[in-house]
Amino acid sequence: MPIDYNHNFKCTQCDYSCSNESNFNKHTETKKHQRRLHNVAHTISYNCSTCDYSCSKLFNYNKHLETNRHKSRLLLESKIPNCSEESPGEEITPLKI
Ligand SMILES: [Zn+2]
Ligand SMILES: [Zn+2]
């Protein structure tokens, strides 16, 4: 993969990229960037990897754990067999002529 030398510095929070460090440092000082960083840090604090659910408050997260959606997903996940136990595919029976 070719390296993009023109945009070596990237800010994933703001979709900002630039070619030199001083510009990038300037960017990290901007209010726009600070606000984004702040928002990200404060919006997603609790994450349920089972459901791809995330929220900012423990109260909401606890609520989520009680939902049927979460419970059924949890159940589904626990039922998924391990990779070591490969289930055999459908057996193909040769046609008798
Ligand atoms: Zn930024
Ligand atoms: Zn969940």
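Projecting label points 7 angstrom from Cα along Cα→Cβ for Ser17 and Lys96 puts them 6.4 nm apart. Take the Cα of Gln34, step 7 Å toward its Cβ, do the same at Arg69, and the gap between the two points is 3.6 nm. Couplings 3J(HN,Hα) for segment 56-68, derived from phi with the Karplus relation 6.51 cos²θ - 1.76 cosθ + 1.60 (θ = phi - 60°), are 9, 10, 4, 4, 5, 5, 4, 4, 4, 5, 8, 6, 5 Hz, where x marks Gly and Pro. Note on Ser56 and Ser78: with the Förster distance fixed at 25 Å, the Cβ-Cβ geometry gives a FRET efficiency of about 0.35.
Under 5 Å from the amide H of Tyr16 lie the amide H atoms of Cys11, each residue being 5 or more positions distant or on a separate chain, with H modelled from the backbone and absent for Pro and chain starts.
Close amide H contacts of Tyr53 (hydrogens built in the peptide plane, cut-off under 5 Å, sequence separation of 5 or more or a different chain): Cys48.
Computed from the coordinates by the stated procedures, all read-outs in this text should not be read as laboratory data. This one's a predicted model, so the numbers in the text were calculated from it and none came from an experiment. Cβ: placed from backbone, ideal geometry, glycine included. Neighbour counts: every protein chain shown.
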